[in-house]
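Written out below as structure tokens is the structure these notes cover.
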Amino acid sequence: MQRLIRLCASLAAVLLAIQTVRADQVDKYLKSQMQEHRIPGLTLEVIRDGKAIKTAAYGLANVELNVPAKPETVFEIGSITKQFTAAGILMLAQEGKLSVDDKISKYLKDPPEAWANVTVRHLLTHTSGIKSYTGLDGFQIWRHLTQEQFIKAIGKEPMEFQPGDSWKYCNTGFNLLGYIIENVSGKNYWEFMGERVFQPLGMQATTKRLYSLVIPNRASGYEQTNHVWMNRDTDLTEVFSAGAIASTAGDLAKWSVALDGDQLLNAASKAQMWTPVKLNDGKTRKYGFGWNVDTLEGHKNIGHGGSTSGFSASIQRFPDDHLAVIILSNTDEEIATTLAKKVATFFFAQPSAAE
């Protein structure tokens, strides 16, 4: 028995040493990338078997005031928001309040005739053919468009293809999903997310990015012109349920851990969410419901990046490795996913406690 105890202790010491070496490699890699790409600040969370094995913060949350980034720093997470919206839809589906194969006209008021054959599933998988509104004039955050005004404005745009015929990233689809959540639940999108997701998971720092809000520990976003940092433009597009969540790496870690259980979504819902979409011609695209579904160096990889003006974020999950990597930063370069995937490779060879 004593020999077994000593053997287990030795193994634990070896694993700890390996983990420490890899953590040091991560620090060296991220610091070099931040210098090379002029990233002001960055936070990192690495999770294995539902527990944080590395939490770190580098650089500055605010350059002008010389405020260091901390694990508690709040960053805009951009399109990572889409997986929360998708989860909201699936939670309502679990309750029998909607079906992802319903036509969206069942849940939206006065949609254009061109959307007649668009289903909720098409919106979730970017296969609706509806034109994405980002990049178009008239959708700035200061306009405060109502649901009816938004649908009327984007509904004037012609379809880009017939529903299910092709795949094209579409922020409009996820805004419409946010409206569907509101219309089906009877609650404001932010109230729904707060009551059904953020509060139950203890995501106390997670909120909407609205710039008029006073958000403790909020990072400032930065853009670069000729290698000079500039405060990000405040004339923003309203990205609502397609990209307007602000959060911390720690809060997103709670979200990732929750996805390993059934507190929010059952196994059938998660299987749908993480299954690549099949187009009308039978071809598939590596995208589920608000998540990219792919592999990295032979490891199953379910993840998504997010970017808004002055911010880049990523959450990358490796279910077979019981591993997740979250990176949030305040740079306009869409680099967080590249960094998160590289960080993951430092931990691939490390055995999981579940193995």
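Just to be sure I understand, how many residues within region 111-126 are closer than 24 Å to GLY288 by Cβ, hydrophobic (A, V, I, L, M, F, W, C) and not in a loop (DSSP other than H, G, I, E, B)? Within region 111-126, residues that are closer than 24 Å to GLY288 by Cβ, hydrophobic (A, V, I, L, M, F, W, C) and not in a loop (DSSP other than H, G, I, E, B) number 4. Of all residues in region 219-259, those satisfying the criterion of being charged (D, E, K, R) and in contact with a Lys or Arg (Cβ under 9 Å, 6 or more places away or on another chain) are GLU223, GLU238. Out of ILE5, ILE53, ILE18, ILE39, one residue alone is assigned to a loop (DSSP other than H, G, I, E, B), hydrophobic (A, V, I, L, M, F, W, C) and either over 30 Å from LEU124 (Cα atoms) or modelled with pLDDT under 95 (or both). It is ILE39. Does SER256 satisfy being small (Gly, Ala, Ser), closer than 19 Å to LEU177 by Cα and at pLDDT 95 or above? So SER256 fails the test. Scanning region 244-269 for residues that are crowded, with 20+ Cβ neighbours inside 10 Å, among the charged types (D, E, K, R) and farther than 14 Å from ILE315 by Cα returns no hits.
Among the residues making up region 204-238, those that are touching a helix residue (DSSP H, G or I) at 6+ places or on another chain (Cβ under 7 Å), farther than 16 Å from ASP332 by Cα and in contact (Cβ under 8 Å) with a residue 40 or more places away in the chain are ALA205, THR206, GLU238. Scanning region 79-94 for residues that are more than 15 Å from GLY178 (Cβ to Cβ) and either surrounded by 24 or more Cβ atoms within 10 Å (Cβ to Cβ) or polar (S, T, N, Q) (or both) turns up just one, GLN94.
Considered as a group, the residues in region 292-326 that are hydroxyl-bearing (Ser, Thr, Tyr) and assigned to a strand (DSSP E or B) include one that is nearest to LEU44 (Cα to Cα), and that residue is SER314. Is it true that PHE75 is within 14 Å of the chain's Cα centre (by Cα), of a type in the set (A, V, I, L, M, F, W, C) and assigned to a strand (DSSP E or B)? Yes, satisfied. For region 57-75, the condition holds for at least one residue, the condition being that it is within 30 Å of ILE180 (Cβ to Cβ) and either out of contact with any strand residue (DSSP E or B) (no Cβ under 6 Å at 6 or more places or on another chain) or in contact (Cβ under 8 Å) with a residue 40 or more places away in the chain (or both). In region 216-243, the qualifying residues are those that are at pLDDT 95 or above and not basic (Lys, Arg), and the one that is surrounded by the fewest Cβ atoms within 10 Å (Cβ to Cβ) is PRO216.
You will find that of ASP49, ASP24, the residue that is surrounded by fewer than 21 Cβ atoms within 10 Å (Cβ to Cβ), in contact (Cβ under 8 Å) with a residue 24 or more places away in the chain and over 14 Å from ALA249 (Cβ atoms) is ASP49 and no other.
The values are calculated or read from the model by the stated rules, or taken from the named source; none is laboratory data. Model, not experiment: these values are computed from the prediction. All Cβ positions, glycine included, derive from the backbone under ideal geometry; neighbour counts span all protein chains shown.
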